[in-house]
Amino acid sequence: MDNWTYKPAADSMMKPGERFRSTRREAGLVSVSMNAAATLGVRLYLRLYHRLRIEGTENLPRRVPFIMIANHESHLDTLVLVSALPLKARIETHPVAAGDVFFKNGATSLLASLFLNALPLYRKGVTSHALVDLRERVTSGHGGLVLFPEGTRSRDGTMNPFKAGLGMIVAGTNVPVVPCFLEGPFEACPANTKLPRPVRITVRVGTPLVFDTEPDSREGWTNVAKRCEESVRALSLEPAGRFAGGAE
C-alpha cells in the first residue's frame, strides 16, 4: 500500500457541459453502457442496410492505444470504423469529431459524448494544445482514437491531402496507426443527402504503422502525414477479396 497514490480523473473538476466538450473527458458507467448499446445497434443497421464488409480483420486493433485513420467521405464514416472494432476496443475508443458540427450546442454535445464517445476538435482555429491533449491521451494508454487526417469530408468522393496534425499526435511515439480505406459511404450518404441510401459499404484495413523514429518536429509531422496518406491510397487500389481476413 506504500506505493499507492490517488490520481483524480482529468475531468473531475469540470462542469457537465464543459466535460462533454473536453478532449480530457474520461468514461463513466453511464457513457460506457450507452456507448456499448449504441455500437450494437449501429452494427446491426450497417450489416442489414449497407451490407457492411470488412477486409483485413486481422489488422484491426484488439487493445488500446492506437489511432485508426481513413479517407473521409460522409457522416457514416465514423460509424463504420468504430463498428469494425472488437467491442472491448470500441468501448475504449474515441472518434475525433468536428467540434463545430457535433459539439455546437448542449444537445449535440451530449449525444456525441454518450453515444459515440466522441472528442471534439474544432477545425476553425485548431490549437496545438488540443493536439497535445490527444497525444497525451494515446501515449498514456488511455484509449484509442478514430480520426480523418483530411480534416473535412470530400465533396466529390476524391481523397484530399492529409494534414500534419496527425503527425503532431504520433511522431516519435510507438502508438500504432491503422490505415483504412472506406468504399461506399460517399455513394450512400454524400454531403447534400439527408437520408442514407442502401449502398454497400466496404472497409479495407491495412497493416498498422509506427512512427517512433520520426522526429517530433514539423519535418516529422509532414512525413507521418505523407506516409499515412500513401498507405490509405494504396488500400484504395487493392482488389476486393484480396485479404484473407475478409468477412461479411
- prompt: Can you sort Ser140, Ser231 by how many other beta carbons sit within 10 Å, fewest first?
  reply: Ser140, Ser231
task: Quick one: compute a quarter of the convex hull surface over the Cα atoms of the stretch 27-236 and quote it in nm².
output: 10.7
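Considering only the stretch 27-236, what is the antiparallel percent among its DSSP beta bridges, to the nearest 5?
Details: 5 of 21 bridges.
Just about 25 percent of them are antiparallel.
Can you sort Lys226, Lys194 by how many other beta carbons sit within 10 Å, fewest first?
Values: Lys226 14, Lys194 5.
By the 10 Å Cβ count, ascending: Lys194, Lys226.
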- request: Would you tally the net charge around Lys226, using a Cβ to Cβ cut-off of less than 14 Å, leaving Lys226 out, and scoring K and R as +1, D and E as -1?
  value: -1
task: Between beta-carbons, use under 15 Å as the cut-off and find the net charge around Ala36, counting Lys and Arg +1, Asp and Glu -1.
output: +2
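Every number here is computed from the coordinates shown, using simple stated rules; none is lab data. Predicted, not measured: the structure shown is a model, and the values here were computed from it. Ideal geometry is used to build each Cβ from the backbone, glycine not excepted, and the neighbour counts take in all protein chains shown.
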